[in-house]
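A.B. asks: Before I ask anything, here is the structure I am working with.
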Amino acid sequence: MKRGARVGWLALAASVLLHAALFRGLAVHLPTWERAAEVPPIEARLVERAPAVAPPAPVVAPPAPAPAPRRRPNAAPPPVPLESVPQTEAPSEHIALQEAEAAEEPASESDAADTADTAAEETPSAPTPLDEMADQPPPAADGPPPLNPLPPRIDMRFGVHYGFASGEQTLLWVSDGERYTLVSVASATGLAGIFYRGRLVQTSQGRVTPTGLQPEEFWDQRGDRRSSARFDHAAAQVTVTPARGAPRHLDGAGDAQDLLSVLFQFALTAPPDGPVRYTVFNGKKLRPYAFESRGEVMLDTALGPLRTLHFARVGELDGRFEVWLAIDRHYLPVRVLRGDDDGNVAELRVLAITP
């Protein structure tokens with residue numbers, strides 16, 4: 001038993017020595033591992049960078065159909081994985097620092113062009129104002145509609161019937177486009193010439209404006225008696241100088257016409273959009289004239305059948321006034337019915353128009 005006990009103790013001592021040697025070898029290598037682990041934190045430590053300098057503007061190339069994202073020459077390095085960041089630095093502070101550096105660095109022209117191209121591809125094209133207006137009628141032009149063109153000179157001749165008397169009247173229109181002159185000469189014929197001697201001459205002169213005629217002077221001569229009227233449109237007043245008596249002033253003549261100009265005012269502005277209203281000087285006083293259309297009428301004349309527009313005075317009347325305008329002859333008056341204060345009506349029917 002002693003021999004066996006000795007062997008056991010020897011075996012136990014050898015085992016203790018072997019384990020001691022093993023534990024000592026592990027302790028020797030542990031410091032080496034600790035020094036190797038210190039290297040990555042030193043390389044991953046963040047340091048303050050110098051301000052980024054804007055790179056030179058590269059040459060802008062035509063955009064490709066599908067441009068690939070490109071890195072700027074001085075772009076910041078990709079973010080360090082969070083696992084390698086030292087525990088002394090918070091991850092949120094690291095990310096905020098990278099975003100601040102990216103915001104401070106100006107974008108290059110090529111990147112701006114790429115952004116604009118991408119936005120243009122993603123944004124649907126909206127209809128332009130011209131596309132929207134293409135299917136709509138053109139807007140009405142500002143200001144009054146253009147006047148009907150008239151020849152610079154027109155000679156008209158009418159047959160006149162007034163009660164049992166008859167006669168002829170000539171009407172002359174002359175205009176250079178800025179000013180006009182109208183002259184009417186009427187005389188009795190046949191047996192009426194025995195009772196109505198002399199001639200009735202009326203003259204109207206004034207300006208041609210974008211809205212029509214603007215008479216300035218009107219003369220009326222019956223035999224040896226002569227009267228006149230002067231229009232002051234700025235003061236809305238007409239000054240009448242009768243054959244006998246003192247001159248008098250009539251107010252309310254801002255857009256007034258006289259008995260001759262109103263006929264060619266119709267010709268220049270026909271066809272109207274609705275009722276027509278004028279203030280008319282009838283040789284003695286100013287009266288409001290409101291006309292309404294009676295439609296289109298075929299009128300038998302000495303020139304043959306004519307298509308006409310018929311207008312008649314309506315409202316409170318102090319005299320009848322109707323006019324027929326020849327549609328195919330510059331809307332010239334080819335028939336006129338006009339009453340006086342005594343209820344007598346004179347009728348004019350066209351006999352000739354030159355040209």
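A.B. asks: Stretch A312-E296 to full length: gain in nm at 0.36 nm per residue minus the Cα-Cα span?
C.D. replies: Working: separation 16, 0.36 × 16 = 5.76 nm, distance 1.25 nm.
Result: 4.5 nm gained on full extension.
A.B. asks: Each label point is 7 Å from the Cα along the Cα-to-Cβ direction; what then is the distance between the points at H161 and K284, in nm?
C.D. replies: About 2.5 nm, to one decimal.
A.B. asks: Still on this structure, I have one more. Roughly how big is the range 153-354's charge dipole about its Cα centre, with Cβ charges of +1 (Lys, Arg) and -1 (Asp, Glu), in debye to the nearest 20?
C.D. replies: Details: 24 positive and 24 negative charges, 100 e Å.
So the dipole magnitude of the range 153-354 works out to roughly 480 debye.
A.B. asks: Report P(r) for the range 153-354: all Cα-Cα distances, bin width 10 Å, range 0 to the bin holding the largest distance, values in whole percent.
C.D. replies: Histogram of Cα-Cα distances, whole percents per bin: 8, 34, 41, 15, 1.
A.B. asks: Sort L337, L171 so the one with the fewest other Cβ atoms within 10 Å of its own Cβ comes first. Show your work: numbers first, answer last.
C.D. replies: On the way: L337 16, L171 24.
In increasing order of surrounding Cβ atoms, one gets L337, L171.
A.B. asks: Okay, next question. When Lys and Arg each count +1 and Asp and Glu each count -1, what net charge do the other residues less than 15 Å away from M298, Cβ to Cβ, add up to? Write down the numbers at each step before the final one.
C.D. replies: Details: positive: R294, R307, R329, R335, R349; negative: E296, D300, D328.
It works out to a net charge of +2.
A.B. asks: Determine, for V323, V201, the number of other Cβ atoms within 10 Å of each Cβ, and report the residues in order from fewest to most. Walk me through the intermediate numbers first.
C.D. replies: Details: V323 22, V201 16.
With the fewest neighbours first, V323, V201 line up as V201, V323.
Every number here is computed from the coordinates shown, using simple stated rules; none is lab data. Please read these numbers as outputs of a predicted model, since none were measured by experiment. As a convention, Cβ positions derive from the backbone with ideal geometry for all residues, glycine included, and neighbour counts pool all protein chains shown.
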